[in-house]
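The values are calculated or read from the model by the stated rules, or taken from the named source; none is laboratory data. Only a predicted model underlies this, so the values are computations on that prediction, with no experimental measurement involved. Don't worry about glycine lacking a Cβ; one is built from the backbone with ideal geometry, like all the others, and counts go over all protein chains shown. Side chains included, ligands, DNA and RNA excluded: accessible areas come from the protein's heavy atoms. Shrake-Rupley method; radii C 1.70, N 1.55, O 1.52, S 1.80 Å.
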Amino acid sequence: SHPFFRSTPSACVEHGPASPAMLPVVLIHGFASNSSDWSYLATFLRRKSLPVYCLQYAEATQTATAVIELSQQMHRLDAAIRRLLQENSEEFQHGFNIIAHSQGAVLARGAIIKFGLAALCKVHVFISLA
């Protein structure tokens, strides 16, 4: 089976922290939206002492996610995630969790499977909303 669908990849158990509940959280916006839509949830999670990052995969306009090809948006999201991991390598050394909404969830799932974030043992929990 594909690594994305395994409930607990063995590499994650051997090298990761005891609980994915304390890993950084990456929030990914949905269709006709932008990263600022996560401000309430981001604030809530930060109050719980979690590192939170709100990613922007399209221009900050209402139509950007409607007019840019999905495969291009998926590439942009994957590049944004990899940049985030590089710039914060120590904080992300044990992986991270993703919460994504709407089209952002579709793109994140595609990036995880197609571009190998799960195989790198980086994504521990993926939550798709709507």
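Numbers below:
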quantity: Built amide H within the under 5 Å cut-off of residue 54, gap 5+; calculated: 27
quantity: Residues residue 127 and residue 72, FRET efficiency given R0 of 22 Å [Cβ-Cβ distance, rounded to 0.05]; calculated: 0.35
quantity: Modelled FRET efficiency - R0 25 Å, residue 93 with residue 46, Cβ distances, 0.05 increments; calculated: 0.80
quantity: Vicinal HN-Hα couplings computed from phi for the range 26-37 (Karplus, 6.51 cos²θ - 1.76 cosθ + 1.60; Hz; Gly/Pro x); calculated: 10, 9, 10, 6, x, 4, 6, 9, 8, 5, 5, 5
quantity: Solvent-accessible surface ranking, highest first, for 90, 69 at 1.4 angstrom; calculated: 90, 69
quantity: Per-residue SASA entry for residue 22, accessible area with 1.4 Å probe, Å² rounded to 10; calculated: 120
quantity: Distance in nm between pseudo-label sites at residue 82 and residue 37 (7 Å out along the Cβ direction from Cα); calculated: 2.6
